[in-house]
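Below: the structure, in structure tokens.
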Amino acid sequence: MLSRWVWPVVAGSALAVLCTGGPAVAEPLYTRFKVSLGYHYSSGTYGTSDTTEIAYVPLVAKAEVGAWSLQGTIPYLRISGPPGLVEGPNGPVQTTSGEADGLGDVLLRGAYLVQPPRLWPQLPWLPFVDLVGLIKFPTASRSAGLGTGEFDFGLESELFWSAGKFTPFGTVGYRFLGSPPGSNLHDVFLGTVGGLYAIIESVHAGLFLDYRQAASATSGERLELVPFGSWQLDRHWSADVYASAGLATGSPDAGTGLQLAYTW
């Protein structure tokens with residue numbers, strides 16, 4: 001995660017834990033702050049004869065104190081294509097014909113990291129678990145075709161395991177979607193499964209499969225295969241890249257993106 005446009009938040013959580021030496025990440029006095037800027041692009045027909053292109057530029061700030069974390073996202077969004085309901089970066093978007101750009105929907109994410117017990121080295125099958133709550137604020141313009149103009153809420157459980165250089169992870173969640181006037185959006189189930197591999201200490205690569213139920217009778221399910229990589233440039237700076245391939249009509253045909261982050 002977040003939108004599933006970037007490699008999921010759970011992969012980032014896994015990296016954060018592994019790069020700080022495992023379970024000690026959630027000691028009571030532990031604090032960390034992170035700011036990142038990304039660029040994400042996708043293009044697809046969504047089961048129609050016309051192409052919809054979406055560019056998404058999120059500014060993300062995250063604070064961690066002990067096992068708790070709070071993350072906020074302020075995005076710029078540009079959409080071009082025919083009118084219709086498509087799955088945007090932060091949920092369904094009722095697009096208008098032509099091109100529109102401006103402020104996207106602001107996101108707020110709170111999480112609590114549940115660690116394995118102190119016997120973790122002897123019980124490697126016990127996962128780290130992030131318990132997550134999400135709020136999407138309707139800051140994107142519905143009239144311009146950048147959002148629904150409604151609040152969305154979400155609950156997720158994110159799990160990951162440390163198995164040497166390999167870190168498998170998964171996410172299960174549910175989104176409660178607000179319906180704009182004239183629409184009837186369904187609440188949706190979502191899930192992610194994948195893995196992360198440490199090529200060297202500062203370079204990680206991975207792959208995940210991401211799924212989301214259709215939000216309406218006119219939009220398809222979303223299913224994407226996403227390879228990604230992360231490079232820890234130094235103590236503070238990191239860079240992430242990814243690509244995606246759509247496997248269902250509710251997904252863009254292809255996407256790519258990058259993110260640069262500073263942590264202290």
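Shape call for the range 72-122 from the C-alpha gyration tensor, a ≥ b ≥ c root eigenvalues: rounded (a/c under 1.5), prolate (a/b greater than b/c) or oblate? Note, shape of the range 72-122 comes out prolate. Here Trp231 and Thr51 are evaluated by their C-beta separation; at R0 = 35 Å the FRET efficiency comes out at 0.65.
Residues of the range 78-120 falling in the label zone of Tyr30, defined by backbone nitrogen less than 18 Å from a point 7 Å along Cα to beta-carbon, are 110-120. Residues whose amide H comes within less than 5 Å of that of His186, counting only those at least five positions distant or on another chain, are Ser216 (H built at 1.01 Å from N in the peptide plane).
On the principal axes of its alpha carbon atoms, the range 189-264 extends 48, 21, 21 Å, with the longest extent given first. Taking a straight line from the alpha carbon of Lys34, these aspartates and glutamates sit under 18 Å away, with near neighbours fewer than eight places off in the same chain left out: Glu64, Asp130, Asp234, Asp240.
Once you have a ≥ b ≥ c as the square roots of the Cα gyration tensor eigenvalues for the range 42-99, tell me rounded if a/c is under 1.5, and otherwise prolate or oblate according to whether a/b is larger than b/c. Verdict is prolate for the range 42-99. Between Arg142 and Leu223, the FRET efficiency estimated from the beta carbon spacing at R0 = 25 angstrom works out to 0.40.
For the range 225-244, backbone nitrogen atoms closer than 13 Å to the point 7 Å from Ile200 Cα along Cα-to-C-beta are found at 231-234. Seen from every direction in turn and averaged, the convex hull around the alpha carbons of the chain projects onto 12.5 nm². Please label the shape of the range 78-233 as rounded, prolate or oblate, based on the square roots a ≥ b ≥ c of the eigenvalues of the alpha-carbon gyration tensor (a/c under 1.5 means rounded; beyond that, a/b larger than b/c means prolate, else oblate). It is prolate, given that a/c is not under 1.5 and a/b is the larger ratio. From its DSSP helices (H runs of at least four residues, each -39,500 (n - 2.57)), the chain gives a residue-normalised ellipticity at 222 nm of -1500 deg cm²/dmol.
Any read-out appearing in this document is the output of simple, stated calculations on the displayed coordinates, not a laboratory observation. Please read these numbers as outputs of a predicted model, since none were measured by experiment. All Cβ positions, even for glycine, are placed from backbone atoms using ideal geometry, and neighbour counts span all protein chains on display.
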